[in-house]
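Inspection log for the structure reproduced underneath, given as structure tokens.
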Amino acid sequence: VVATPGRLLDLVDHNALQLSHVAALVLDEADRLLDLGFADELARVLTLLPAQRQNLLFSATFPPAIDALAAQLLRDPVRIEMAAEPTTHTAAPAIAQRAIAVDASRRTQLLRHLVQQNSWKRVLVFVATKFSAEIVADKLRKADIWAEPFHGQLSQGKRTQVLDDFKAGRVHVVVATDLAARGIDVAELPVVVNYDLPRSAVDYVHRIGRTGRAGQSGEAFSFITADTEAHFALIEKRQGLSLPREEVAGFEPVELAVPALPAQANGGIKGKRPSKKDKLRAAAAAG
């Protein structure tokens, strides 16, 4: 059985599946499972499994949370590590990377403009949430652009249909979340758009790597807003990039970039505005 934790628990709750005799548990992309908030569901799955079983854990990274999970699940494990390829090889030179400054509220309009102006017939757009995937795809359809959302809450049949239509050219734009889009392989995909920026530099490489495959050239656009400028600067630093911030006529941003918080406040990663807790801590410190 190959399933996400939530779908697996749904089958168990409907008495369609029992886990009491599972002999082997495989956690693939374990870092993403924890990162995407599946920790509670995963913990419940583990309680339903027999005590004696074989466990295999696969992860692209091993942050402290994954080390803790490995210590919980594995007994005297054999650890196999594959050396990562240098990022300079991963980011294929055939991919033209572009960063466009735009206000957050005008990203959908800018996306529509780029699709229509460039007559893109196949473009993969990455967003942060299932809700965003639905909303952006719906707005594009209202502008007479053939678009479909692609996320984990769609049925397997629907996801297969969307990919088939995308490959056949019946759908011009697929708006996808990271988790749903992992493993998508569309030949000769010319354009990838980061509507929302990825969480990490590694995810950025995976996203833009959907285009420019098998010797083909491609373009990767990233929408940079005032709130995400600092985060994209970090991605650039970790990838050894320095992309000029472009502006599209009619979509020039008016919002000002938000300075990154000091490292002790939020790690200086995303450049977000201070949260309510941050403000309360600052006020307490000032007092």
(message) Give me 10, 144 sorted ascending by neighbouring Cβ count inside 10 Å, so fewest comes first.
(response) 144, 10
(message) Just to compare against my own numbers: the Cα pair-distance distribution for segment 5-73, 10 Å bins, whole % per bin, please.
(response) 19, 53, 25, 2
(message) Give the separation of the Cα centroids, segment 118-144 to segment 214-247, in Å.
(response) 20
(request) Would you mind ranking 222, 105 by Cβ crowding within 10 Å, fewest neighbours first? (result) 105, 222
(message) Quick check: convex hull over the Cα atoms of segment 87-266, volume per residue in Å³, rounded to an integer?
(response) 123
(request) Would you please give the FRET efficiency between residue 3 and residue 82, computed as 1/(1 + (r/R0)^6) with r the Cβ-Cβ distance and R0 = 45 Å, to the nearest 0.05? (result) 0.95
(request) Lys and Arg at +1, Asp and Glu at -1: add these up for the other residues within a Cβ distance under 11 Å of residue 172 and post the number. (result) +1
(request) Grab the Cα-Cα distance for residue 131 and residue 119, subtract it from 0.36 nm times how many residues apart they are, and report the gain in nm with one decimal. (result) 1.7 nm
(request) Could you calculate the contour length gain from residue 18 to residue 103, that is, 0.36 nm times the residue separation minus the distance between their Cα atoms, to one decimal place in nm? (result) 25.7 nm
(request) May I ask which of 142/167; 130/167; 139/237; 121/142 have a Cα-Cα span longer than 27 Å here? (result) 139/237
(message) Using alpha carbons only, how many angstrom separate the centre of segment 146-189 from the centre of segment 38-64?
(response) 28
(request) Starting from the Cα gyration tensor of segment 155-230, take the square roots of the eigenvalues, sort them a ≥ b ≥ c, and report rounded, prolate or oblate (rounded when a/c is under 1.5, otherwise prolate if a/b is larger than b/c, else oblate). (result) prolate
(request) Treat the count of other C-beta atoms within 10 Å as a stand-in for reagent exposure and order 29, 229 from fewest to most. (result) 29, 229
(message) Give me the dipole magnitude in Debye, nearest 20, for segment 5-73 about the Cα centre, with unit charges on the beta carbon: positive for Lys and Arg, negative for Asp and Glu.
(response) 240
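Throughout, read-outs are computed from the coordinates displayed, never taken from laboratory work. None of the values given here were measured: they were computed from a predicted structure. Glycine gets a Cβ as well: all are built from the backbone with ideal geometry, and neighbour counts include every protein chain shown.
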